[in-house]
C-alpha cells in the first residue's frame, strides 16, 4: 500500500481536505463503510458563518475570542471567521441544501455566546448528515481520490529522522497488518467522547489519532479541555442523543422538575450562556435533586417534528412528546478543544504529519469552543492544508517503521468490560468537575490498565489518550473554560497552554 498523500479518517475534515487537493492523487482510509462512521453525520447544530445582513467576520471573531476564555489564537480565529462566508458558498456548490426562509435567503439561527443569528442549518437539525451526504457523493465521483474502506489504522510509521512516512494498518478483509507508506500523512480521526460513560459521540470515538501522534512524539496541546454538551437527552441510551443548542436558540428554556427556569441564577445570558457554564449549571441542578429538563412547549410546540426531526425521533424512542412534555437532559462529553498542535496551515511538530478537524489543536477553540465553529474549522483549515500540498514535491520514505509493541497486541478494539471501566473512571474523575486526588487515582488506574493481559491495539490507543487528558487536567491548577478544578476554582490572571511532548515510543530494533 502506497500513496503520495494518505488521509486517515473520512468525516467532513478528511473528505473536504481530499476534495480540495484535486488534482493531486490522495488516498482516504476509513475503518467503516464511507459515510457510516464518525460523528459528522450526528452534528445537529449547523455551521457558524457571518453571512447575515447585520453580521460581519469581525463580530464572529470577537465571539470566538470571548468564548475561548483567554486561550484562542487571534490569528487562527481571524482565519476561521473570515473564511466562514466562502466555506458556506463552497458547500452550496457541493450540493449541500441549507435551510432558506420564505424569501430564499439562508435561514440563520442563534446559539450560545453568539451575538448574531449566524448558524446555517439543513433540515433543522440535520446539518452534519446533509454535509456528509454531499461530501461522500463528491468524493466517490472524484477521480483523484482513492477510498479504501475497512482499514483500521493502528499507529504511524516514522523514520530515523523523525519524519512520518505513513501508517501501520490492519486490513480487516485480508486479516493482515501492513505498512501503508505515504509521503504526507493527514490525521482527520475526529474526537474522543467515547472515553466517557456519557457521550454524544459514537462509542468508537476514543481519540486514537491523538494517541498515534503522541506515541510518535508530536506536540499535544491542551488535552484537558473537553467540552460537555449541556443538553444530551437523559433517556438511558449509550451514546446519549443530543438535544441541539438550536432549540434554546429558538426559545426553549431549561427548567427544573417544578417547571421553574434556573439559568438566570447562573449567568446573565441565561439559557444562551457559554456551554461550560450551562453544563455545570445543569449538573448542579441534577445533583441538588431538582432535576434538569428542556421545555420547548411554548417556543416550538407543534412545529417540533418538522423543525427538529432528529431530536423528535430520539424523544419518541423514550415515549416523550416534546410538543407537550418536558425533555430530561444531562451533560455529556461532546467535543475536544485540545489536540495535536498545528500551525495555521495544519502542520504538526513532526515533518510529514498534518492534522485537521477535531483531532487538531489549531488555536481556534481555546478553553471553550464557540457553538458550531467545529464544522467550519474542518472546512477552513482543510482547505489550507490542501493549498500547501496540492503542488508540493513529495518523497516516500523507505526507512519508516512502526512501533514493535504493536506486533504483540491483537488488532482489535478494546474489550467491552475494560473499556467501560475506563469510561466510568473518566466520568467520575475527569469530567465536568475535577480535583487533584481524583485525577491521581485515575492516573493510577490507567497505569494499571496498561498492563492488562487483555491489551489490544485499540485499547492501548484509548489509554494513551485518556492519560494525556488526565495529565493535562492534573497539571492545570486553575479553572478555565471547559476545565474546572474544585480544589483550584479560580482562573489564573495570565492564560497559558498545556503542551505535552511524549517521548517517541518506538524501538528501532523491533519496528517493522
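Can you name the residue in the range 451-476 that is assigned to a loop (DSSP other than H, G, I, E, B) and touching a residue at least 40 places away in the same chain (Cβ under 8 Å) and is also nearest to residue 439 (Cα to Cα) among such residues?
For the range 451-476, the residue satisfying everything is 476.
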List every residue pair whose Cβ atoms sit under 9 Å apart, with the two residues 6 or more apart in sequence or on different chains, where the first one lies in the range 83-105 and is free of Cβ contacts under 8 Å to residues at least 24 places away in the same chain and the second, anywhere, is loosely packed, with under 12 Cβ neighbours inside 10 Å and assigned to a loop (DSSP other than H, G, I, E, B). 105/53
So which residues in the range 368-401 are in a loop (DSSP other than H, G, I, E, B) and farther than 14 Å from residue 185 by Cβ? 368, 369, 370, 371, 372, 390, 391, 393, 398, 399
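Going by the conditions given, is residue 63 assigned by TED's automatic domain parsing to the domain that holds residue 367, closer than 28 Å to residue 250 by Cα, outside any loop (DSSP other than H, G, I, E, B) and out of contact with any helix residue (DSSP H, G or I) (no Cβ under 7 Å at 6 or more places or on another chain)?
On the way: assigned by TED's automatic domain parsing to the domain that holds residue 367: yes; closer than 28 Å to residue 250 by Cα: yes; outside any loop (DSSP other than H, G, I, E, B): yes; out of contact with any helix residue (DSSP H, G or I) (no Cβ under 7 Å at 6 or more places or on another chain): yes.
Taking the combined requirement at face value, the residue satisfies it.
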Identify, please: which residue in the range 127-137 is touching a residue at least 40 places away in the same chain (Cβ under 8 Å) and out of contact with any helix residue (DSSP H, G or I) (no Cβ under 6 Å at 6 or more places or on another chain) and is, among those, surrounded by the most Cβ atoms within 10 Å (Cβ to Cβ)? 127
On the basis of being closer than 30 Å to residue 401 by Cβ, in the same structural domain as residue 213 (by TED's automatic domain parsing) and part of a loop (DSSP other than H, G, I, E, B), does residue 69 make the cut? no
Residue in the range 243-250 that is within 16 Å of residue 290 (Cα to Cα), touching a residue at least 40 places away in the same chain (Cβ under 8 Å) and either in the same structural domain as residue 325 (by TED's automatic domain parsing) or not in a helix (DSSP H, G or I) (or both) present: no
Yes or no: the range 265-278 includes at least one residue that is over 27 Å from the mean Cα position of the chain (by Cα), surrounded by fewer than 21 Cβ atoms within 10 Å (Cβ to Cβ) and in a loop (DSSP other than H, G, I, E, B). yes
Take residue 61 and tell me if it is without any contact (Cβ under 8 Å) to a residue 24 or more places away in the chain and buried (at least 20 other Cβ atoms within 10 Å of the Cβ). yes
Among the residues of the range 378-402 satisfying the criterion of being surrounded by 23 or more Cβ atoms within 10 Å (Cβ to Cβ) and touching a strand residue (DSSP E or B) at 6+ places or on another chain (Cβ under 8 Å), which is nearest to residue 498 (Cα to Cα)? 381
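What about residue 204, is it touching a residue at least 40 places away in the same chain (Cβ under 8 Å), more than 27 Å from residue 71 (Cβ to Cβ), within 15 Å of the chain's Cα centre (by Cα) and surrounded by fewer than 24 Cβ atoms within 10 Å (Cβ to Cβ)? Before you say what the answer is, go through the steps one by one.
Working: touching a residue at least 40 places away in the same chain (Cβ under 8 Å): yes; more than 27 Å from residue 71 (Cβ to Cβ): yes; within 15 Å of the chain's Cα centre (by Cα): yes; surrounded by fewer than 24 Cβ atoms within 10 Å (Cβ to Cβ): yes.
Against the criterion (touching a residue at least 40 places away in the same chain (Cβ under 8 Å), more than 27 Å from residue 71 (Cβ to Cβ), within 15 Å of the chain's Cα centre (by Cα) and surrounded by fewer than 24 Cβ atoms within 10 Å (Cβ to Cβ)), residue 204 qualifies.
The values are calculated or read from the model by the stated rules, or taken from the named source; none is laboratory data. These numbers come from a predicted model, not from an experiment. When we count neighbours, we look across all protein chains shown, and the Cβ atoms used for this are built from the backbone with ideal geometry, even at glycine.
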